[in-house]
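Quick note: the coordinates plus some simple rules give every number you see, no bench work behind them. Just so you know, these numbers come straight off a predicted model, no measurement behind them. Note that we place each Cβ from the backbone using ideal geometry, even for glycine, and neighbour counts take in every protein chain shown.
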Amino acid sequence: MTLKFKWETEFKQTEIGKVPREWGIEKLGKAVKVKHGFAFPSKYFKDYGEIPVIKIQNIQDDNSINLENCQFVVPSEINKNLNKYYLKNGDILIALTGATAGKIGVLKGPYNKYFLNQRVGKCEIRNTSFSLFFIYYLLTLGFYRNWLFDLADGSAQGNMSPSDIEENIIIPFPLPQEQSRIAAVLSWFDDLIENKKRQNEILEKTAMAIFKSWFVDFEPFKDEEFVYSEELGKEIPKGWEVEELGEFAEIIMGQSPSSKYYNKEGEGLPFIQGKGQYGRYTPETTVYCSRLLKIAKPNDILVTVRAPVGELNLADREYIIGRGVASLRSKYWIFLFLYLLIDNERLKSYERGTTYDAITREEIDTFPLLLPPQPILEKFHSLVEPLFQKIILNQKQIMVLRKIRDALLPKLVFGKLRVMEI
């Protein structure tokens, strides 16, 4: 992609801030129509079915639509004309209710059709002078998310209507060609990020398939002698042993320094207190700590030990870990990470407590692992380690791309940085 930018120097003041002199501002309703969804009666929802229904909880903070926990309906069972509530991939959706109000996302998934549920709005372009994806990127800014949330009364119970959005939200209005150039630049970053996410999904599924084949279904060892394990209540290959996690890995329980040592200026090491700082595979904390107490090292497994218990991440560098996290250090870290992913429900079942759910060092230490002979562990590790090293590299690149995109976004959509050619 060949790009030509310039920094804008001439602005005018508007009710939404400074924009280039030749840009206009308009009500959002001039550009798009926001269409609400259908109030599907709960009796029609199924865990599996013909067409998934997109609800407000499917719209995520990262502007994606999570389809993992969708419910489904069968249109023929509902005595209504539902044609106007159909969605397709590429549609832009906005949450209209409560704490989720103002979240926006692009629909991307494996289905050809979806339904729009009540309290979710679909943005449809109504004026060809506007680019739908320029408006999408604009509305992902915190400035607009907060504005939309305020329209919904700024509360967990608040609601906003499509007309509220169309009449109250004001947007900048560059020429259509410039809108398209801005959207293309930002989409380029998003496409790179999505590509690396898909790579990671494939790599993880490949590693998990190998793990299950070897250590759950024992497929490479079917011809060997099996013996019954009292600890696990099942047949296992002869020569394999059940050991406690503390014998297999070093366990480092976190310790939280005083908050006076926390900072966002990069002093010390990045700090992890719990799931809130976890990313998809590696941490995404923005907090640093200048007092170095308990430290996780690269390739350590990070497991939450306070509610929620059992959430996993991988350390891609050194981190300071607070009391909500434990670090598990093992030469065979990939084996242990996948083992805990597959047996995660058992790990979570160890949580206890009255004030908050937690798991103790002793409970982690005695967590049972089925271990094959060391040559098998070494062979598995050498086979799968390159997959996870690539996952971690991709995740680092995703974070860099996000930072660049997020830094460019407000400058582009408000015209401080102009896209002259593409």
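Hey, got the dipole for the chain? About the Cα centre, +1 on K and R Cβ, -1 on D and E Cβ, debye to the nearest 20?
2040
Springs between Cα atoms under 10 Å define the GNM used for the chain, and in it the highest mean-square fluctuation of Gln157, Gln118, Gln389 occurs at Gln157. Rounded, prolate or oblate: which fits region 100-209, taking a ≥ b ≥ c as square roots of the Cα gyration tensor eigenvalues, rounded meaning a/c under 1.5, else prolate when a/b beats b/c? Here region 100-209 falls in the oblate category.
Applying 1/(1 + (r/R0)^6) with R0 = 41 Å to the Cβ-Cβ distance of Ile78 and Glu15, what FRET efficiency is obtained, to the nearest 0.05? Given R0 = 41 Å and the Cβ-Cβ separation, E is 0.40.
Straightening the chain between Asn112 and Lys416 buys 105.6 nm, computed as 0.36 nm per residue apart minus the Cα-Cα spacing. Annotation for Tyr86 and Ser349: the two label points, set 7 Å from Cα along the Cα-Cβ direction, are 4.6 nm apart. Counting only lysines at least 8 places from Lys27 when in the same chain, those with an alpha carbon closer than 20 Å to its own are Lys12, Lys18, Lys35, Lys103, Lys122.
Charge dipole (Cα centre; +1 on Lys/Arg Cβ, -1 on Asp/Glu Cβ; no other charges) of region 108-171 amounts to roughly 400 debye.
Cross-link partners for Lys46 among the aspartates and glutamates, with Cα-Cα distance under 16 Å and sequence neighbours closer than 8 places in the same chain left out: Glu68, Glu77.
Its relative contact order, with pairs defined as Cα atoms under 8 Å and 6+ residues apart, puts the chain at 18 percent.
One equal scatterer on each Cα of the chain, no solvent, Debye formula: the resulting log10 I(q)/I(0) at q = 0.06 Å⁻¹ is -0.34. So if I take the centroid of the Cα atoms in region 27-72 and the same for region 238-296, what is the distance between those two points in Å? Each part's Cα centre sits 36 Å from the other's. Annotation for Lys390 and Leu341: the two label points, set 7 Å from Cα along the Cα-Cβ direction, are 1.4 nm apart. Summing Lys and Arg as +1 and Asp and Glu as -1 over all other residues whose Cβ lies under 15 Å from the Cβ of Ser258 gives a net charge of +3. I need the calculated FRET efficiency for the pair Lys379 and Lys234, taking r as the beta carbon distance and R₀ as 22 Å, to the nearest 0.05. The formula returns an efficiency of 0.45 here. Among Ile51, Ile94, Ile182, the residue with the largest mean-square fluctuation in a Gaussian network model of the chain, with springs joining Cα atoms closer than 10 Å, is Ile51. Listed by chain and number, the lysines whose C-alpha is less than 18 Å from the C-alpha of Lys4, apart from same-chain residues fewer than 8 away, are Lys411, Lys416.
List, in the order given, every pair from Lys30/Lys113; Lys6/Lys197; Lys6/Lys403 whose Cα-Cα distance in the structure shown is over 22 Å.
Values: Lys30/Lys113 28 Å; Lys6/Lys197 31 Å; Lys6/Lys403 20 Å.
From Lys30/Lys113; Lys6/Lys197; Lys6/Lys403, over 22 Å: Lys30/Lys113; Lys6/Lys197.
Centre-to-centre, using Cα atoms only, region 121-192 and region 399-422 are separated by 16 Å. Angle of helix 374-413 to the longest C-alpha principal axis of the chain, folded into 0 to 90 degrees and rounded to 10: 20°. Stretching Arg317 away from Ser64 to a fully extended chain increases their span by 88.4 nm, per 0.36 nm per residue minus the current alpha-carbon distance.
Restricting region 1-103 to chymotrypsin sites (Phe, Trp or Tyr not before Pro) that sit in a DSSP loop and have at most 11 other Cβ atoms within 10 Å of their own Cβ leaves Tyr48.
On the beta carbon distance between Lys331 and Ala184, with R0 = 35 Å, the FRET formula returns roughly 0.15. Computed log10 I(q)/I(0) for region 348-422 at 0.11, 0.12, 0.13 Å⁻¹: -0.70, -0.75, -0.79, from the Debye equation with unit scatterers placed on every C-alpha and solvent omitted.
Trypsin sites (Lys or Arg not before Pro), restricted to region 1-64: which are DSSP loop and have at most 15 other Cβ atoms within 10 Å? Walk me through the intermediate numbers first.
Numbers: sites: Lys4, Lys6, Lys12, Lys18, Arg21, Lys27, Lys30, Lys33, Lys35, Lys43, Lys46, Lys55; in loops: Arg21, Lys55.
Listed in order of number, the matching sites are Arg21.
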